[in-house]
Ligand SMILES: Cc1cc2nc3c(=O)[nH]c(=O)nc-3n(C[C@H](O)[C@H](O)[C@H](O)COP(=O)(O)OP(=O)(O)OC[C@H]3O[C@@H](n4cnc5c(N)ncnc54)[C@H](O)[C@@H]3O)c2cc1C
C-alpha cells in the first residue's frame, strides 16, 4: 500500500483530506492523518474559549470516517526527510510515500525575559483551556495584559471585555498600534470600540521583563495578574529542526506546487509554509485545496494545473455584536454585518462547508 501521510488535522490538513475523499482514492493508496488531538480544533475561536464565551466542545470538529483514511493520534517529534520517516513520541515511526506538513505554529517570544514562563498562550486547545482558568481566577478589578495588537490580540481583548466587565484590560503592542497592517478606517473603528469599552491601548512598547504579576516596560512597572501572549508566532517545533530553505519567519519556502524543492514528495501547508500572505486559516484552507489538486494530479499521472493563491478578505470580531471586514485590499465594512458573517464562517467550519 502507498501512503500519503498528513501531519496535522488543522485547517490546512483537513482541507486536503476532505477534498481528496470527495472522489475515490487509488485502490493501492491510503491516507494517514496524524494529530495529537482526536478531533480538529477550530483555532480561530480559541480566544473565545480563553475569554470564557465559548464552550470547548463547540470548537471540536470530528475527523471524517472513511475506509482509506487511517487516523493516527500522537505527538510528532521529528521528521526525517532523507529517511522518509516521521518520528512520534513513544510510538514507532511512520514511513511515507508522500508527506504533508501542516503542524501549525507555536508562540514566538523574541527572547523577551519571562515571556515563555509567565504568559498564557492561545496557540493550542490545551493552552487556551489553561488561559481560560488563569483569566477567570484574576481577582475582581484585577489587571490583565494582552501582548500583541494583531487580529488574535484584538479579538481576545474584546471578548474578554464582554466576559469580565470588571477587569482592567490593556493591549501592549511594540508596533505603531493595533491592527497595523489594516486600513486606517478599520483601525479607527476598532480604536473607538476599545475606547468606549475601556480597554487601554499602548503602542511602541519596549518589553523588558515579564514576571508572574507584573510587566517591566520602558522603565515602568505595570501590574498584570494575567498576561496573554498574542505577540508573535513561529512554525511548530518539528519544522524548526528541518534543514531546508526557510524565510525570515522560519516558514519553509516552496515551489509553485507547494512542495519542498529538494524533496518533491513533501508538501507544506498553512502556518508552516512561506506564503505571500500572513498566516491565516483562510490561507491554509485555500492552499490545502490546491495541494489536494496537485496530489490528485500525481495519482492520475497528469500535470497539475493550479493558479496563484487568492484570499477573499479578513473577518474579525469585537465581542459578540460587532466586527470588521477587509475585502480585497481596501474595502472596509464594520459593525454587525461582518460579525454575523464571521459567525456564519464558524458555522460552516463546524459543518464542513467551504
Ligand atoms: C486566537 C486566534 C485567532 C485567530 N483568528 C483568525 C481569524 O479570524 N481568521 C483567520 O483566517 N485566521 C485566524 N487565526 C490564525 C489561524 O488559526 C491559523 O493561521 C490556522 O489555524 C493555520 O492552519 P494550519 O492548518 O496551518 O494549523 P492548525 O489549524 O493550527 O493545525 C495544526 C494541527 O497540527 C496539530 N499539531 C501541531 N503540532 C503537533 C505535533 N507536534 N504532533 C501532533 N500534532 C500536532 C494540532 O493539534 C493541529 O490540529 C487565529 C489564530 C489564533 C491563535
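Sticking with the crude label model, points 7 Å out along Cα→Cβ, report the distance from residue 341 to residue 56 in nm, one decimal please.
3.3 nm
With each pseudo-label sitting 7 Å past Cα toward Cβ, what's the residue 77-residue 195 distance in nm, one decimal?
Rounded to a tenth, the inter-label distance reads 5.4 nm.
Between 277, 263, 118, find the one with the highest GNM mean-square fluctuation for the chain; connect C-alpha pairs within less than 10 Å.
277
Quick check: from the Cα gyration tensor, does the range 109-231 come out rounded (a/c under 1.5), prolate or oblate? Please report the intermediate quantities before stating the final value.
Numbers: a/c = 1.43, a/b = 1.18, b/c = 1.21.
The shape class here is rounded.
Using only Cα atoms and rounding to the nearest 10 degrees, what angle (0 to 90) does helix 151-163 make with the longest principal axis of the chain?
For helix 151-163, the angle is close to 50 degrees.
Return one number: the angle in degrees, 0 to 90 and rounded to the nearest 10, between the long axis of the Cα atoms of helix 336-350 and the longest principal axis of the Cα atoms of the chain.
40 degrees
Which translational diffusion coefficient, to the nearest whole µm²/s, is obtained for the chain from the Stokes-Einstein equation, given a Kirkwood hydrodynamic radius over C-alpha pairs, 25 °C and 0.890 mPa s? Before the final figure, lay out each step's value.
Details: Rh = 21.2 Å.
Stokes-Einstein gives a translational diffusion coefficient of 116 µm²/s.
If you average the C-alpha positions of the range 231-295 and of the range 23-96 separately, how far apart do those two centres end up, in angstrom?
Measuring centre to centre over Cα atoms gives 17 Å.
Pick from 120, 66, 197: which residue has the top mean-square fluctuation in a GNM of the chain where Cα pairs under 10 Å get a spring?
Greatest mean-square fluctuation among the candidates belongs to 66.
Report, to the nearest 10°, how far helix 125-136 tilts away from the longest principal axis of the Cα atoms in the chain, using its own Cα long axis and a range of 0 to 90°.
In the chain, helix 125-136 runs at an angle near 10 degrees to the longest axis.
Test of understanding: ordering 272, 105 by Cβ neighbours within 10 Å, fewest first, what list do you get? Don't skip to the end; give the middle numbers.
Numbers: 272 29, 105 22.
If I rank by nearby Cβ atoms, fewest first, I get 105, 272.
Could you work out how far apart the two model spin labels at residue 37 and residue 89 are, taking each label as a point 7 Å from the Cα in the direction of the beta carbon, and quote it in nm?
1.6 nm
Given the chain, what percent of its DSSP beta bridges are antiparallel, to the nearest 5?
Taking every DSSP beta bridge within the chain, about 50 percent pair in antiparallel fashion.
Computed from the coordinates by the stated procedures, all read-outs in this text should not be read as laboratory data. For clarity, every value in this text was computed on a predicted model and none was experimentally measured. Every residue, glycine as well, gets a Cβ built from its backbone with ideal geometry; the counts of neighbours run over all protein chains shown.
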